[in-house]
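Here's the structure, in C-alpha cells; my notes come after.
The values are calculated or read from the model by the stated rules, or taken from the named source; none is laboratory data. Note that the structure is a prediction, hence the values are computed from the model and not measured. Here Cβ is always computed from backbone atoms with ideal geometry, including for glycine, and neighbour counts include all displayed protein chains. Protein only, heavy atoms only, side chains kept; ligands, DNA and RNA dropped before computing areas. Shrake-Rupley method; radii C 1.70, N 1.55, O 1.52, S 1.80 Å.
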Amino acid sequence: FPSHDRVIELVASDCKWVVDDFQKNPVLLLSHNYSIPPVGRVMWLRKSTDGSMIFKAQFAKTSTGDELWELYKSGIMNAFSIGFRPVEYEDGDTLDNKSPRRTYKSIELLEISAVSVPSCPDALVIRNDNGMIKTKDLSDAINEIKRIISRS
C-alpha cells in the first residue's frame with residue numbers, strides 16, 4: 001500500500017480521511033448504487049499502520065445481504081470500493097504513466113460498496129491463514145468484559 005487504482009489515481013497513505021458524516025450513516029452499498037437500499041452497514045472503521053483503511057461490514061438480513069455474505073464467505077467476491085468526495089489533491093504528470101495523474105491528500109468518505117471489480121486492485125478482504133474472513137477477534141470482547149469487571 002498504497003497502489004494506483006485502475007484510473008491511475010492514488011489515495012495517499014497519509015491521506016486525511018474525513019469520516020464524521022459517514023459515521024452518522026455508515027452504509028454498505030452494492031456497486032456504488034445510491035438508488036437502491038443499502039446491503040449492510042459498516043460496524044467500525046479505522047486506519048491501519050500502513051495507512052490503509054480497514055473496516056468490519058455487517059450484511060443486512062435480506063435476500064441480497066444473505067447472498068452477498070455467501071459470496072464473500074466462499075471467496076467468490078473479495079473486494080470493496082469507496083465512494084468519496086475529494087477535499088484536497090495534487091494533479092500529477094499526465095504524460096508519465098508511472099506516476100498517478102491525481103493523488104488525494106484528503107477525502108470525505110461517503111460510502112463503502114461491495115463490488116465485483118474494485119477500482120483499486122488492493123481493496124481486498126483480509127482473511128485469516130485458514131481462509132476465513134478476518135473479523136474483530138473474540139478476544140477484544142473478552143478483554144472489554146475483563147476491563148468492566150476490574151472496575152467494579
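List the strands (runs of 3 or more DSSP E) inside region 1-84, counting only whole elements, that have at least 2 residues being touching a residue at least 12 places away in the same chain (Cβ under 8 Å) and open to solvent by 50 Å² or more (accessible area, probe 1.4 Å). Lay out the reasoning, then the answer.
Values: elements: 9-18, 27-30, 40-47, 53-59.
Counting at least 2 such residues, we get 9-18, 40-47, 53-59.
Could you list, in sequence order, all residues of region 35-65 that are under 14 Å from the mean Cα position of the chain (by Cα) and among the polar types (S, T, N, Q)?
Once the filter is applied, which keeps residues that are under 14 Å from the mean Cα position of the chain (by Cα) and among the polar types (S, T, N, Q), region 35-65 yields Ser48, Ser52, Gln58.
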